[in-house]
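My questions will all concern the structure given below.
The numbers here are math on the coordinates, done by the rules we state, and not lab data. Here the structure is a predicted model, which is why all the values come from computation and not from measurement. Using ideal geometry, Cβ is built from the backbone for each residue, glycine included, and neighbour counts are taken over all protein chains shown.
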Amino acid sequence: MSNAPLMKSEKDVSGGLDVIKVREDFPILQRSVHGRPLVYLDNAASSQMPRQVIDRLVYYQTHEHANVHRGVHTLSQLASTAFEDARRTAQHFLGAREEREIIFVRGATEAINLVMNSYGRAFIGEGDEIILSAMEHHANIVPWQMLCQEKGARLRVIPMDDAGELLLDEYEKLFNARTRFVALSHVSNALGTINPVREMVATAHAHGVPVLLDGAQAAPHIPVDVQALDCDFYVFSGHKLCGPTGSGVLYGKAALLEKMPPWQGGGDMILNVTFGRTTYNELPYKFEAGTPAIAPVIGLGAAINYLTAIGLERIAAHEQALLEYATEAVRDIEGLCIIGTARHKAAVLSFTLGDIHPHDIGTILDQHGIAVRAGHHCAQPVMQRFGVPATARASFAFYNTFEEVDALLKGIHEVRKVFA
Ligand code: PLP
C-alpha cells in the first residue's frame, strides 16, 4: 500500500540533495508498516536498495547469468565482464592503486576472517600482540581472539573516553616490540564515532605495524581514499551501501596480498593442479576460491555507481544535517541519554530512555512504522564500557528526511507515555 508523499520542505534539500526525488528511487520506502508510513532508521544494520540496483540484478539474471572466468560462450563472457567491471568500480570507489587489490568477499566479516586466516596465521605467533579498539564490532574482535587462542598471541585494547573517543595517548603506549597488527573501525556502528584513522595508521606504521580498517560503517557514508589513509587493508559490506547481501570488498596493498597464502582452496584460485602440487593463481583470484557471489557483486557495482553519482560529500552533508537536527531535538526529552557524543560522528544516534528497555522502545516504535535497532549492536564491549545492557539506535541514510526525524521524536514521546 502506498503512502501519501511526504511534503517537500526547505529542510529536505540539505547539502544540495533533493531527498524527495532520491526517495522515488527506493520502492520499499513507499510501503507502510502497521498502517503507518515506513520510517526506516536501521541503516547501520542494512540499508535499502534503489531501483537502479534492483534493475541491474534483474537484467543480469534475465540476460547475462552464467558462471564467470571459465566459459568461452557469450553469457559467460558477459557475466565475467560485468563482474570485473564491478571490481574496477570498487577500485575507483576506494581510490585503490590497482584492480588486483580488490578481493570480493561475502561482507566485512568474511574480509576480516580472510585477513586473520591468511595474514594472521602466517605472520602472527606466540607472544605477539594485536591492537584493537574498545569500540570494535564483534566481527573485528572474535576472529583476532580465535587467532590469539591458536597462536598464544594476545589482544591489547585502545580505551575510549565517556564521549566515545579513542584515547590516542594510550594507543601510542600500547606499541612495543611484540606488536604485529592493528585492527580498527573507521566508524563505530554502536556510537557513530569517526576515528582519526589516518593519524592512527601513521602511528602504527612508525612502529612498522600494518593496519586493517573496518569500513563497514564508513564506506557508505563518507568519502574513503585508501591511498590517502595509507591503510594496509580496508573492508566493507555491500548490503550497508544500498547493495545486495552476500557482497563485500577486501582491499589490501598488493605487496602484502602477494606475500599472503590463500585461505580457501578450490577452483579459480589455481593456475595448475596435480596430486603432487598446486600453483596458485595471481591476485585477486588467489583469494577468490570457487564460484563467487556473481549477482551480488554486480549489484554492488551498481550500488557504488548509484552512490557516487549522488556524491559521497553530498550524502555526508545531508546525513550530518539529520544527525545535528535529531541530536538537538532529543536533548529536551526527559530521561533520554545519548550514548556516543564524539566530536566527529557519523549519523548514528544510540540512546537509552530512563529504565525503559531498548527492546520495548524498538517494539513500540515499530507499531508506529519506525524501524530502529535495539540491542548490543554486536558490540558488547561498548555496552560494558558505558554500563548499559543495550541501546536503541536510530541510524540515518541520505534518503531519510527531517520529517522522519520528527516522526522518531513523536514516537519516543509515545514510548514515554506507555511507561508513564
Ligand atoms: N563492522 C562493523 C563496524 C559493522 O557495523 C558490521 C555490521 O554491522 C560489521 C563489521 C559486519 O558486517 P557484515 O555483517 O556485513 O559482515
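Once phi is turned into ³J(HN,Hα) by the Karplus curve 6.51 cos²θ - 1.76 cosθ + 1.60 with θ = phi - 60°, what whole-Hz value does each residue of the range 371-383 show in order, with x for glycine and proline?
9, 10, 9, 10, x, 9, 6, 6, 9, 4, x, 5, 4
Give the share of C-alpha pairs in each 5 angstrom bin for the range 33-80, from 0 to the last occupied bin, in whole percents, shortest bins first.
5, 18, 14, 14, 13, 11, 10, 7, 6, 3, 0
Using only C-alpha atoms and all pairs of different ones, pull out the Kirkwood radius for the chain in Å with one decimal.
22.4
Roughly speaking, what is the stretch gain from residue 273 to residue 74, that is 0.36 nm per residue apart minus the C-alpha to C-alpha distance, in nm to one decimal?
Taking residue 273 through residue 74 to full extension adds about 69.0 nm, to one decimal.
So, one more: Under the definition of Cα pairs under 8 Å and six or more residues apart, what whole-number percent is the relative contact order of the range 89-181?
Value for the range 89-181: 27 percent.
Hey, got the dipole for the chain? About the Cα centre, +1 on K and R Cβ, -1 on D and E Cβ, debye to the nearest 20?
So the dipole magnitude of the chain works out to roughly 720 debye.
Using Cα-Cα distances under 8 Å and only pairs 6 or more residues apart, what relative contact order does the chain have, in percent?
23
The range 118-216: which GluC sites (Glu not before Pro) are DSSP loop and have at most 12 other beta-carbon atoms within 10 angstrom?
Filter output for the range 118-216: 126.
Quick check on packing: order 101-113, 370-382 by the mean number of other C-beta atoms within 10 Å, highest mean leading.
101-113, 370-382
Moving on. Restricting to DSSP loop positions (anything but H, G, I, E, B) with no more than 12 other Cβ atoms inside 10 Å of their own Cβ, which chymotrypsin sites (Phe, Trp or Tyr not before Pro) remain in the range 260-289?
Answer in residue order: 275.
Here is a follow-up. Can you sort 313, 64 by how many other beta carbons sit within 10 Å, fewest first?
313, 64
Also: Given +1 on the Cβ of Lys and Arg, -1 on the Cβ of Asp and Glu, and no further charges, what dipole in debye does the range 169-289 carry about its Cα centre, rounded to the nearest 20?
Rounded to the nearest 20 debye, it is 300 debye.
Still on this structure, please answer the following. Going by how many other beta carbons lie within 10 Å of each one, how would you line up 63, 318, 137, 368, fewest first?
63, 368, 137, 318
Quick one: 3J(HN,Hα) in Hz for the range 66-74, Karplus 6.51/-1.76/1.60 with θ = phi - 60°, rounded, Gly and Pro as x.
6, 6, 9, 6, 10, x, 9, 6, 4
Also, quick follow-up: If you plug each phi of the range 397-407 into the Karplus form 6.51 cos²θ - 1.76 cosθ + 1.60 with θ = phi - 60°, what whole-Hz ³J(HN,Hα) values come out, in order, with x for Gly and Pro?
Going residue by residue, I get 10, 5, 8, 7, 10, 5, 4, 5, 5, 4, 5 Hz, with x marking Gly and Pro.
Show me 398-406, 80-88, 290-298 ranked by packing, highest mean number of other Cβ atoms within 10 Å first.
398-406, 290-298, 80-88
While we're here: With each label point set 7 Å from Cα along the Cα-Cβ vector, what nm distance links residue 24 and residue 162?
4.9
Oh, and also: Quick check of the Kirkwood formula: for the range 131-180, what is the inverse mean of 1/r over all pairs of different Cα atoms, in Å?
11.7
On to the next question. Listing 151, 173 from the residue with the fewest other Cβ atoms within 10 Å to the one with the most, what is the order?
Placing the least packed residue first, the sequence is 173, 151.
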